[in-house]
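So the structure is just underneath, and the comments pick up after that.
The values are calculated or read from the model by the stated rules, or taken from the named source; none is laboratory data. Nothing here was measured: the structure is a model prediction, and the numbers come from that model. Every residue, glycine among them, receives a Cβ derived from its backbone with ideal geometry; neighbour counts consider all protein chains shown.
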């Protein structure tokens, strides 16, 4: 099922990288794009991420086999209703939002029955998200979540699978509720924990003195706050219950850690070693290098410089 035309709404890092990945190869489809930022449109065109820019949603939908909503979650929810009058029969509409339950619910309610909606979320990206950082291999080998509802037509699921594979990504099927529950821990909690830690430290009176001593450890654990705050606020607002449960689990662990530190418990070392072992097991499953703290880092190591001393 060759793709002839794909419409992308939103041309930041994710949307522009989609266009570049689709345009790669001999039988590349036409890729048309829309963005409220004329600068993003011009940059995406100069990069070759789109073959033509569009001025309206109707123009994006006209003749497109697939229409992708590559915008923050709140914008996706609004776009689904705005798109409904323009999307043509037998078109797949999908998205790249970081939460899925509300998007899938709204998509099914807002879009006409002659189109298919399949929620999507590529587990790929960078901390700074802009069209300038777009890459044609951003999705190569990445897990790409697809969350079709029970009402999604088979042809739409097949087309979504083909679309993901065209990008070089690996389709991973699960329900929207499963996605949100799992990502609340694996993705959402790390961001909010990083933001809380930064705020906890930088609002203290002694932060100016700490600032001069904050080095690699602080740099690594605080790096996630460089992601778009508005995007993450949308994630928090549309996955509240799941993220709250994960924050409660983290608070419980922090309280336990505090108790072991203050009591001088012999269990502290065991808890720290348990975390280290779990982290190393995760690295090994994902093909990442591991080495003990007292061993020299291998040549060309991916580890930060501060860990190599």
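Just to be sure I understand the filter: pairs with C-beta atoms under 7 Å, separated by 6 or more residues or on different chains, first member in region 206-223 and more than 15 Å from residue 194 (Cα to Cα) and in the same structural domain as residue 195 (by TED's automatic domain parsing), second member at pLDDT 95 or above and assigned to a helix (DSSP H, G or I). Which pairs pass?
From region 206-223, the pairs are 207/201; 210/201.
I'm trying to understand the selection: among the residues of region 2-47, which are at pLDDT below 95 and on the phi > 0 side of the Ramachandran plot?
Across region 2-47, the qualifying residue is only 25.
So which residues in region 148-188 are surrounded by 21 or more Cβ atoms within 10 Å (Cβ to Cβ), outside any helix (DSSP H, G or I) and without any contact (Cβ under 8 Å) to a residue 60 or more places away in the chain?
Selection gives 148, 169.
Say whether the condition of being assigned to a helix (DSSP H, G or I), modelled with pLDDT under 95 and in contact with a helix residue (DSSP H, G or I) (Cβ under 8 Å, 6 or more places away or on another chain) is met by at least one residue in region 234-252.
no
Answer yes if at least one residue in region 194-212 is under 16 Å from the mean Cα position of the chain (by Cα) and either surrounded by 18 or more Cβ atoms within 10 Å (Cβ to Cβ) or within 27 Å of residue 10 (Cα to Cα) (or both), and no otherwise.
No: region 194-212 contains no residue that is under 16 Å from the mean Cα position of the chain (by Cα) and either surrounded by 18 or more Cβ atoms within 10 Å (Cβ to Cβ) or within 27 Å of residue 10 (Cα to Cα) (or both).
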